[in-house]
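Student: Here it is, the structure, as structure tokens.
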Amino acid sequence: MAMTALRIQAAALVHASVQSDPTERQRHERFVLSRLLVGGGVLGLAPAYLAWRGAPGAFEAAMVVAAALAVLSVALVSRTGRLDAAHALSSAALSLFIVALAGATGGLSSPLLLWLAVVPVEAAVFGSRGFMLRAGWIAVGALFAAIGLQWLGLFTQAALWTGESMPLLAMSALAQALVVTAVLLRRRHAEEREQRVSEARSQLLLDHVGDLVTWHDASGAVVFANAAARTLAGADPRELLGRGLFERVHIADRPVFLKALSDAAHGEEGVTVSFRTLFVPHEGAGEARLPVSLWLEMQACRVAGTAAADGAAVVCVMRDVTERRAVEETRDRGHAEALRANDIKGQFLATVSHELRTPLNAIIGFSEMLSAEDNGWLDAGKRLEYARIIHASGHHLLDVVNTLLDISKIESGAMTIEREPLDLAAMAQDCCALMALRAETGGIALERVVGPALPALEGDRRALKQVVLNLLSNAIKFTPAGGRVTLAVVRDGDTIDLSVSDTGIGIAAADLPRLGDPFFQAKGAYDRTHEGTGLGLSVVRGLVGLHGGRLTIESAPGIGTRVSVRLPSGGADSAEQPAKIVTFARAPRRGLDTKEPLRLTA
């Protein structure tokens, strides 16, 4: 009961500053309890001892002072929380006690002076190396004090009873040394057990988090990896040791990975990078296992303190960000498409405004001239010419509007076609007749080649006629005077090949991939600027797609262009909208340089 009460009192005397730290509170409680037992016990027995011995001598006075210093150290640590200062005072009390005993038992010849070695050893029970150093210096000071007292003759000669009690005193010193050693070993075992529990707790925590945690040495090699290695690297943790993780990093991202480890090892702040891992998972053994590629985001920081002393220089935490990267890429693509749509809108407004402004200016200007009151100077020929210009401008406006409506219907999927049997030879002749005047005005030879035994084609008459007229119009527009445009319709098995070839300025290889994009106009070999909305080939592409056909364009600057439309003769069961365009550079051919008809290929 008395011991329990003393323990409660010792706990109550612990300073409030260490109440929140269980380990530090336990050290303070052990210190207070031991000093209360020793100091309080000696002071409690002092009256009875003095009553037995009579007037106190130097030895008794030293014992009382040593006990008082022990109790004073308890008061100091309870008021200030300074265990280091309190322990130094306690070490001084213990040294005083040992020197007093040695002085009463023969001075420097007393074996009790050996107990001074226990002072720094006992300090290890309550503190660190600093505690032991202070206690050691206090013990050394006590030894020099004993030498001085012996030199001054203040120590008494050994009493007779000391010789008989020497074995008892030696046993007491040995017992104290054994107790101190046992306490030290117990403390060491407790710390090791606590460290093992802490490591097991940390390992359990690391193995149940979804992130991959790795420790790296100064060379970047892995010295530790948690269980998340199985899901994020496709390997057991031990397989990542050394260069195991580096070998699973995508080869294109390895420089980024190594640079991040180097920057983290030599910098004060953490480093965050993203890289890909490529590995074959362990699951599905015996089956076809496909490689898995994951995006990992790694946060690396330098390790300092005891962990660095164990060989670890950098700790890394990696998490799977594959889905987030996919979302970001989708957002970036959407942003790029939005920017492209905005550019197309600006190009559309610029092109259409130009195409509308030119005929509108002609219509307004010539109509004002015809409607002016003082137009008597206009003869009948002028009036007829102005009326024809107004009529042509109106038709041009109508063509632009119809083209815009067609491309809008095609892109929205609202365009429909009416299939009927068509005579392509007759349609080719009609289209050449309509374009003959424009070709003749430009000094261009317009030729028509029709193959034998053409079958009837199931298709929309208006749509296919628009396809042919657009191709012929483009060919005539981009062919200089003296050139030739050839319309050829031949049969190739179950397919009809309808092609338009010219000897015009051609298209650069860099512009070929963009053919068919709305409002795109390729520059010619002489960088000539031509009128037009840039929608003709887009409309052709959409209408050919509705018929289940495909487009092939071959061209080269200064050589000319050939556009081939291949249509299934019996009609398509499933139409592709719009048609795909295959483009490639064109090589010089005999048919372009002579009057010999072109040899058309599939």
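Here, each number is a calculation from the coordinates, and none is a lab measurement. Since we're looking at a predicted model, the values are computed, not measured. So basically every Cβ, Gly included, is an ideal-geometry build from the backbone, and we count neighbours across all protein chains shown.
Student: Could you list the residues of segment 251-277 with an amide nitrogen less than 15 Å from a label point located 7 Å from the Cα of R333 in the Cα-to-C-beta direction?
Tutor: Answer for this model: none.
Student: Ok, one more. So how do 471-481, 358-368 stack up, highest first, on mean other-Cβ count within 10 Å?
Tutor: The most tightly packed comes first, giving 471-481, 358-368.
Student: At a Förster radius of 22 Å, what calculated FRET efficiency corresponds to the Cβ-Cβ distance of R324 and T231, to the nearest 0.05?
Tutor: For R0 = 22 Å, the calculated efficiency reads 0.85.
Student: Quickly work out the A433-to-K382 label distance, labels modelled 7 Å from Cα along the C-beta direction, and quote it in nm with one decimal.
Tutor: My value for the distance between the label points is 3.7 nm.
Student: Of the listed peptides 430-438, 211-219, what is their order by residue-averaged count of other C-beta atoms within 10 Å, with the highest listed first?
Tutor: 211-219, 430-438
Student: Please compute the modelled spin-label separation between F59 and T441, points set 7 Å along Cα→Cβ, answer in nm with one decimal.
Tutor: 14.0 nm
Student: I've got another one for you. How far apart, in nanometres, would the label points at S219 and H189 be if each is projected 7 angstrom from Cα along the Cα-to-Cβ direction?
Tutor: Reported label-point gap for S219 and H189 is 4.0 nm.
Student: First select every other residue whose beta carbon is under 12 angstrom from the beta carbon of W295; then total the charges, Lys and Arg +1, Asp and Glu -1.
Tutor: The answer is -2.
Student: With a 10 Å radius around each residue's Cβ, average the other Cβ atoms per peptide and rank 73-80, 491-498, 391-398, highest first.
Tutor: With the highest mean Cβ count within 10 Å placed first, the list reads 73-80, 491-498, 391-398.
Student: Something else: By count of other Cβ within 10 Å, fewest leading, how are Y49, Y386 ordered?
Tutor: By the 10 Å Cβ count, ascending, the order reads Y49, Y386.
Student: Want the number for E247 to A392: 0.36 nm per residue separation, take away the alpha-carbon distance, what's left?
Tutor: 45.0 nm
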